[in-house]
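J.: One structure coming up, written as structure tokens, with questions to follow.
The values are calculated or read from the model by the stated rules, or taken from the named source; none is laboratory data. Keep in mind it's a predicted model, so treat the numbers as computed, not measured. Because the Cβ atoms are built from the backbone with ideal geometry, glycine has one as well, and the counts that use them run over all protein chains shown. Remember, those area values only see protein heavy atoms, side chains included, never the ligands or the DNA or RNA. Shrake-Rupley method; radii C 1.70, N 1.55, O 1.52, S 1.80 Å.
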Amino acid sequence: MKALILSELERIWGRKRTGILFILNIVLIFMICAFVNFYKVGFYGPNAYIKLNSLNFSPFVLREGHIILTCIICPIIFIDCLNYEKTSGRFRLYMIRAYDKFEYIVSKWIALSITLFIFVISIFIVSNVFGFTLMPKTEYTELVNVQGEYGLISALLYNIKFYMIEYMILLCILGIASLVSVLVPNAVLAVIATIAVIVGSIYVWDGFSFLLFSTDEIFNALGGINTAQFFISLIGIILITVLSSGLYGKRKGIIFSGKHDKILV
């Protein structure tokens, strides 16, 4: 399994598309930082805002950057990896290899989860460095939907929890992309279908709005508002989409049977 994961990571980061998207992500985050810094005010509702400083700056950068991750970067990277064998013409070569039933697809999920973590942590680092360097310095700050003032350590812990929840939301996108990839073989159509499912989910149930507009729900969850419902929906989507894509892929012969002998690089 370890060799499979390393092989998938090598493929993901060996593609020019991944490097380009990573650089694009960093550039866009710097632009968002400059934009948010210009106004020095963070909006989290039609008539609700908070003055920004070095301690509470990071979540509002992610607020603006989430839509880029959800509708551009993540679908492209996920589908590119999940449909790689079909689009590259190597599907038949993989079929003659004796892989374990779930090791192959699980290695892709793990490799993509690690890649996703790198993208999220890069945003966290850039936004915090920018905030502590250029935003107004303060010893204490106010946080959204949370009573009282928070110092450096408590505000940093809040920001870490904020980004970890965002990471879980993006894992939902991975689950959706994984399910779409086994239903729609064509990579371009699969990317479009993944975005359509994300956007269309808010019309199915308001509780799915965090997929497209994540930060409002994260602010609420960290403030103790609808926390249980939010995390049940979050974990439910991850489990249902991942298990469904795995089972459907097995039934259609996309996930191979037997034991693997070596990695095809």
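J.: Give just the number: which of (1) buried (at least 19 other Cβ atoms within 10 Å of the Cβ); (2) closer than 18 Å to Leu62 by Cβ does Trp109 not satisfy?
T.: (2)
J.: Can Ile237 be described as open to solvent by 50 Å² or more (accessible area, probe 1.4 Å), among the β-branched types (Val, Ile, Thr) and modelled with pLDDT of 90 or more?
T.: no
J.: Given the criteria surrounded by 21 or more Cβ atoms within 10 Å (Cβ to Cβ) and not hydrophobic (A, V, I, L, M, F, W, C), does Ser127 qualify?
T.: For Ser127, the condition - surrounded by 21 or more Cβ atoms within 10 Å (Cβ to Cβ) and not hydrophobic (A, V, I, L, M, F, W, C) - is met.
J.: Turning to a different aspect of this structure: Look at Ile32 and say whether it is modelled with pLDDT of 90 or more, touching a Gly at 6+ places or on another chain (Cβ under 6 Å), under 24 Å from Phe213 (Cα atoms) and open to solvent by 10 Å² or more (accessible area, probe 1.4 Å).
T.: Considered against the rule, which asks whether it is modelled with pLDDT of 90 or more, touching a Gly at 6+ places or on another chain (Cβ under 6 Å), under 24 Å from Phe213 (Cα atoms) and open to solvent by 10 Å² or more (accessible area, probe 1.4 Å), Ile32 comes out as yes.
J.: When the stretch 32-60 is examined, which residues are found to be farther than 27 Å from Ala196 by Cβ and part of a helix (DSSP H, G or I)?
T.: Cys33, Ala34, Phe35, Val36, Asn37, Phe38, Tyr39, Ser58, Pro59, Phe60
J.: Which residue out of Ile176, Ile165 is touching a helix residue (DSSP H, G or I) at 6+ places or on another chain (Cβ under 9 Å), over 16 Å from Ser245 (Cα atoms) and open to solvent by less than 70 Å² (accessible area, probe 1.4 Å)?
T.: On inspection, the qualifying residue turns out to be Ile165.
J.: So if I check each of Val144, Val184, which one is farther than 17 Å from Leu69 by Cα, open to solvent by less than 50 Å² (accessible area, probe 1.4 Å) and in contact with a Phe, Trp or Tyr (Cβ under 6 Å, 6 or more places away or on another chain)?
T.: Val144
J.: Among the residues of the stretch 147-160, which ones are assigned to a strand (DSSP E or B) and open to solvent by 90 Å² or more (accessible area, probe 1.4 Å)?
T.: Within the stretch 147-160, Gln147, Glu149 qualify.
J.: Please go through the stretch 187-234 and pick out each residue that is open to solvent by less than 50 Å² (accessible area, probe 1.4 Å), over 24 Å from Leu157 (Cα atoms) and not in a helix (DSSP H, G or I).
T.: Leu212
J.: So Ala196 passes all but one of these: (1) among the small types (Gly, Ala, Ser); (2) farther than 28 Å from Ser58 by Cα; (3) in contact with a helix residue (DSSP H, G or I) (Cβ under 7 Å, 6 or more places away or on another chain). Which condition number does it fail?
T.: If we test Ala196 against (1) among the small types (Gly, Ala, Ser); (2) farther than 28 Å from Ser58 by Cα; (3) in contact with a helix residue (DSSP H, G or I) (Cβ under 7 Å, 6 or more places away or on another chain), just (3) comes out false.
J.: Which ones in the stretch 156-183 are without any contact (Cβ under 8 Å) to a residue 24 or more places away in the chain and within 23 Å of Val106 (Cβ to Cβ)?
T.: If the condition is that a residue be without any contact (Cβ under 8 Å) to a residue 24 or more places away in the chain and within 23 Å of Val106 (Cβ to Cβ), then Met164 is the only one that fits.
J.: Would you pick out the residues in the stretch 194-210 that are of a type in the set (A, V, I, L, M, F, W, C) and modelled with pLDDT of 90 or more?
T.: Answer for the stretch 194-210, where residues must be of a type in the set (A, V, I, L, M, F, W, C) and modelled with pLDDT of 90 or more: Ile195, Ala196, Val197, Ile198, Val199.
J.: Quick one: would you say Leu189 is more than 17 Å from the chain's Cα centre (by Cα) and at pLDDT below 95?
T.: yes
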